[in-house]
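Data first, discussion second: the structure below is written as C-alpha cells.
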Amino acid sequence: RLNAAAAEAVDSGSFDDALSKLKAIKQVSGEGYSSVARLAEASVLIDQDKMAEALSIYELLAASDSDPVFRDLAVILKTMHSMDTADPGTLEVELAPLSGLGQPFRHSALELSALLAAKQGARKRAQQYLAEILDDPSAPSGLMSRARDLADLYAAEGVSSETDANIDDLSDTPS
C-alpha cells in the first residue's frame with residue numbers, strides 16, 4: 001500500500017509526500033524493498049532538481065551490502081546523472097567492474113564507458129567499448145543500434161591515438 005501511495009503522490013506532484021512514504025517503506029521493509037525505495041527516492045529528488053541529494057543516495061546504495069543488482073544499478077544511474085558534472089575518467093573506472101562478461105548491466109556499462117571515453121577525447125577506446133557491444137549477439141537491439149550509430153560517428157570523426165589508452169589499462173577487472 002505504501003508503494004502505491006508513494007507512486008500516487010509522485011504522479012500528483014506531491015513530492016514531499018512521496019519522499020515521506022518512501023522513507024516509511026525503507027524503515028518497515030526488507031532489504032529488497034528498501035533498495036527499491038532508495039532508488040525511487042533518488043528519482044523523486046531528481047524530479048525536484050535536487051541532483052546532489054539523489055547522487056548521494058546512488059553512492060550510498062552502490063557502496064552498501066545490498067543485493068549486487070541494486071548496487072550495480074545505482075552505479076549506472078549515478079553515472080547517467082553525473083556525466084556532465086563528474087570526472088569522466090573516474091566514472092569510467094567505476095563502470096569497469098560492471099562491463100565484464102556475465103554482468104547484468106554489461107551492455108549499459110559499455111555504452112556509458114564509450115561515451116565517457118569519447119568525452120575525454122579517447123575515440124579509439126570508445127570504439128573498443130562499442131565493438132564489445134556490437135560483437136555480442138545478446139546485446140539488446142536498441143542498445144546495439146545506438147552503439148552502431150556511435151561507432152559510425154566516431155569512425156567518421158577519426159581516431160586520435162595520442163589521447164587513447166587501452167581499455168585494459170583502466171582496471172584489472174576482466175572485461
Next item on the list: Answer with yes or no whether residue 131 is assigned to a helix (DSSP H, G or I), farther than 24 Å from residue 148 by Cβ and either of a type in the set (Gly, Ala, Ser) or touching a Cys at 6+ places or on another chain (Cβ under 9 Å) (or both).
Entry: no
Next item on the list: Specify which of the listed residues (139, 155) is in contact with a His (Cβ under 7 Å, 6 or more places away or on another chain) and either at pLDDT below 95 or assigned to a loop (DSSP other than H, G, I, E, B) (or both).
Entry: 139
Item checked: Matching residues, the range 21-53, being over 14 Å from residue 77 (Cα atoms), at pLDDT 80 or above and not charged (D, E, K, R) -> 33, 34, 37, 48
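What do you reckon, is residue 126 in contact with a Lys or Arg (Cβ under 6 Å, 6 or more places away or on another chain), of a type in the set (A, V, I, L, M) and buried (at least 16 other Cβ atoms within 10 Å of the Cβ)?
So residue 126 fails the test.
Determine whether the range 31-51 contains at least one residue that is hydroxyl-bearing (Ser, Thr, Tyr) and touching an Asp or Glu at 6+ places or on another chain (Cβ under 7 Å). Steps first, answer last, please.
Step one: filter the range 31-51 for residues hydroxyl-bearing (Ser, Thr, Tyr), giving 33-35, 43.
Remaining after also requiring touching an Asp or Glu at 6+ places or on another chain (Cβ under 7 Å): 35.
Yes, the conditions are met somewhere in the range 31-51.
Quick one: which residue in 101, 61 is over 10 Å from the mean Cα position of the chain (by Cα), more than 23 Å from residue 125 (Cβ to Cβ) and not β-branched (Val, Ile, Thr)?
Working: 101 fails: more than 23 Å from residue 125 (Cβ to Cβ).
Matching residue, one of 101, 61: 61.
The values are calculated or read from the model by the stated rules, or taken from the named source; none is laboratory data. Treat the numbers as computed from the prediction; the structure is a model and nothing was measured. Virtual Cβ from ideal backbone geometry, glycine too; neighbours counted across all protein chains shown.
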